[in-house]
Amino acid sequence: MHIGLRRLDEPLLAALCDTAVAGADPLGVMPPVPGPPGWTVRRRAAFVAFHRERSVTAPRPVERTWAVVVDGEVAGAARLAPVDGGEEAGIWLARPWRGRGVGATVLRMLVERADGPVVAETTADNGAAVAVLRGLGAGVTVEGDAVHARWDRAAGRPGSDAGRAVLAAGRRHSAGLRADGTVVAAGDRTGGRCDVDGWTLAVGAPGSTGGRYSPPGPG
């Protein structure tokens, strides 16, 4: 299986929209849009506009966005968005590609492309997510109900080689890679976000695409 990232452009955006409609929940891949459930015409248009405004045609892109391409097919999207103290990584994959060894490789690729530390946040009442972040060796601080985590790949972490541990988290779920290559996830399980049982990462040389995976949603 060949897994790669291609910078999102107009042709890829059209293919990405088709992938999302066929295999993802709208709430898992884009901001909420009023209306009945499912992929309405309005939601499809909003999906395309969202990516145009944030990366594809923006004079000053808000984030760097890539199409996840597996064996020539668009399988989902990955992004790095600047935040205070580093960059936040986000990934979503269409249902047919989940649990097939894609996500962990993509997470590693994002961390290799990051300009600095990877940061994440969750809430204090999400004990499972906090445990995941601590287990990955991230520096964790708690401010009221907010939990902030920071991982600097250059510094590495106890029990792992520098650059080999990856974390990604959003407000509703968190996912990451342990030093042994297994994938952990916690939080909102809607749409299979945390279905990572049996997923592992076979770490290869920098820039390689071999491995197995997991997907956290878009942030």
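The values are calculated or read from the model by the stated rules, or taken from the named source; none is laboratory data. Being a predicted model, the structure only gives us computed values, none of them experimental. Glycine gets a Cβ as well: all are built from the backbone with ideal geometry, and neighbour counts include every protein chain shown. Side chains are part of the model used for accessible areas, which takes the heavy atoms of the whole protein and leaves out ligands, DNA and RNA. Shrake-Rupley method; radii C 1.70, N 1.55, O 1.52, S 1.80 Å.
Hey, does segment 4-17 have a residue that's among the basic types (K, R), more than 19 Å from V69 (Cα to Cα) and either at pLDDT 95 or above or part of a strand (DSSP E or B) (or both)?
no
Within segment 28-45, count every residue that is assigned to a helix (DSSP H, G or I) and either of a type in the set (D, E) or open to solvent by 30 Å² or more (accessible area, probe 1.4 Å) (or both).
Filtering segment 28-45 down to residues assigned to a helix (DSSP H, G or I) leaves 28-29, 41-45.
If we keep only those that are either of a type in the set (D, E) or open to solvent by 30 Å² or more (accessible area, probe 1.4 Å) (or both) too, we end up with 41-42, 44-45.
Total meeting the criteria: 4.
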I need the full set of residues from segment 1-27 which are β-branched (V, I, T) and surrounded by fewer than 19 Cβ atoms within 10 Å (Cβ to Cβ), in order please.
V21
Only one of (1) at pLDDT 95 or above; (2) under 17 Å from G103 (Cα atoms); (3) charged (D, E, K, R) does not apply to R43, and that is (2)
Apart from one, (1) surrounded by fewer than 15 Cβ atoms within 10 Å (Cβ to Cβ); (2) of a type outside the set (A, V, I, L, M, F, W, C); (3) farther than 15 Å from E10 by Cα all hold for E88; the odd one out is (1)
Output the residue which, of all residues in segment 58-71 that are farther than 13 Å from V29 by Cβ and in contact (Cβ under 8 Å) with a residue 12 or more places away in the chain, is most open to solvent (accessible area, probe 1.4 Å).
D71
